[in-house]
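Below is one structure; the comments refer to it alone.
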Amino acid sequence: MRGLPRRSLRRNLLVWLLVPLFGLGALIAAEAYYHALHLATAVADRTLAGSALSISDRVTIANDGSLEVDLPYVALEMLTSVGDNRVFYLVRARDGALVTGYKDLPLPEAEALPRMPGNPVFYDAEYQGVPVRAAAVIGIASDARRSAGYTVVVAETTQGRQALARETLTRLASRLTALAVIVAAVVWLGISRGLRPLADLGTAVGRRSPDDLRPIDHAAPRETADLVDAINAFIDRLRTAVEGLRQFTGTLGHQMRTPLAIVQSNLALALRSDLPPAARVPLERAERAARDAERLTGQLLLLARMDEARATREGFVAVDMALLAEEVTGERAPAALRLGLELALEVAVAPVLVRGAPVLLREVLLNLIDNAARHAAPGAATVRVSADAAAVRLEVEDHGPGIAPAQRAAALERFARGGAADSRDGGGGTGLGLPICRDIAVLHGGSLTLGDTPGGGLRVTLTLPRAMGEG
């Protein structure tokens, strides 16, 4: 329906599957980043603690009673070997005197200082404008005469551990991205394959003609069974309604033909009697109206019969168009001659076989000949049958007023009159003759076209596919 947006089932499935998946991947990446950062921090803290303890082990008391340190530079080099880290250290006596190192290196809060020698305390600070991670240990140096306490601090910048965490995150993110692409492709293919039966079902229904009201008998997933059942129920209701309409039309047509024939017969008898001119004119008009009504009834019955043939496709047999043209032309020649039209038949080759309903093809030829007899100028009309390897052509041409090219499309529509409405027999057109012929041609897989006759007039060409395998 117009105005209602069409929602994509494939897009909805992709959204409901991939969005949670990508969200879960983002959570996994975030958790992995923080885990990697925690792991890098733990590894670096152990190295910091080892460096601080190594320095603490080298603190001794000098001869003058002061503290001195023989720095183990190997321990500090372990820290500087990781990334672009910078390392700072400080050894301070318990009384606050600087032993060695960076005197302004921040110390932990007093309450955070370790209480037992050898137990490092870790803390974060800022030094020289950059964040650092530090480890502090306390120790006691002693000799035979005295002892002195001290504090050792080793700090390093945090670029290294952050770089390690980022590298871990980058590797994980690349793997998660590759996995997400693969999963998205698999999900897309899986959804497309899963929805293919629906597309096949839609294609099977779309290929049906408007008159094919058979139930859908197409392999479909179990999940679509309710939908198929609902469509079949609707088709069944529609078929019942169409069949009722056809029966009504057929019954009405048959019931009307008998009284119309009686009326027409009585009017014809009345016109043969000796009547005054004032009484003859309305009787002639009534007789023409009855004749037109009978023609219209016959065409309505033909429409009902054509709809039934379109729905069932029953009664299609091999029909010799050359023989059919010969029979119908001979049958209608006397009536056409009374209207001043001489019929001629030209058959290029015989037999010429098509596959179709003989009654409907006969009605096409009858309609075309009657149109020529009623509307063409006095003279001759030609019925021509020709064929090639693929198609059979039946042409009826006359030398009447024809139909203007601008009006030909309208002439093939029901109840539209493309040419003169009046005919030589005094009746009016119903606007159904050519449209019925066109519909019968389409029913048989062919076409009906209107053209010009050399010298003026109308040429109607019925083209039908030739029966396969028939000469």
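The values are calculated or read from the model by the stated rules, or taken from the named source; none is laboratory data. The structure displayed is predicted, hence computed values, not measured ones. Virtual Cβ from ideal backbone geometry, glycine too; neighbours counted across all protein chains shown. Accessible surface is based on the protein model in full, side chains and every heavy atom, while ligands, DNA and RNA are left aside. Shrake-Rupley method; radii C 1.70, N 1.55, O 1.52, S 1.80 Å.
In a DSSP loop and with at most 16 other Cβ atoms within 10 Å, the chymotrypsin sites (Phe, Trp or Tyr not before Pro) in the stretch 88-130 are Tyr102.
In summary, the stretch 169-297 shows an alpha-carbon radius of gyration equal to 2.38 times the 2.2 N^0.38 Å reference for compact globular proteins. Here the accessible area of the stretch 36-176 is 53 percent carbon and sulfur, with a 1.4 angstrom probe and all protein chains present. For the stretch 390-404, putting each phi into the Karplus relation 6.51 cos²θ - 1.76 cosθ + 1.60 with θ = phi - 60° gives couplings of 10, 9, 10, 10, 10, 10, 10, 10, 9, 10, x, x, x, 10, 4 Hz, in residue order, rounded to whole numbers and with x for Gly and Pro. Close amide H pairs (under 5 Å, H built 1.01 Å from N) link Ala381 with Glu342, Leu343, Ala344, residues at least 5 positions away or on another chain.
In terms of the mean number of neighbouring beta-carbon atoms within 10 Å, the peptides 228-241, 354-367, 326-339 order highest first as 354-367, 326-339, 228-241. The string of couplings for the stretch 219-232 from the Karplus curve (6.51, -1.76, 1.60, θ = phi - 60°) is 4, 9, x, 4, 5, 9, 4, 5, 5, 5, 4, 5, 5, 5 Hz, one whole number per residue in order, with x for Gly and Pro. Taking label points 7 Å from Cα along the Cα-to-Cβ direction, Thr240 and His38 give a separation of 6.9 nm.
Per residue, the accessible area of the stretch 112-265 comes to 63 Å² when a 1.4 Å probe rolls over the protein heavy atoms.
Near Ala467, the amide H atoms lying under 5 Å from its own belong to Leu353, Val354, Arg355; only residues 5 or more places off or on other chains count, and H is placed 1.01 Å from N.
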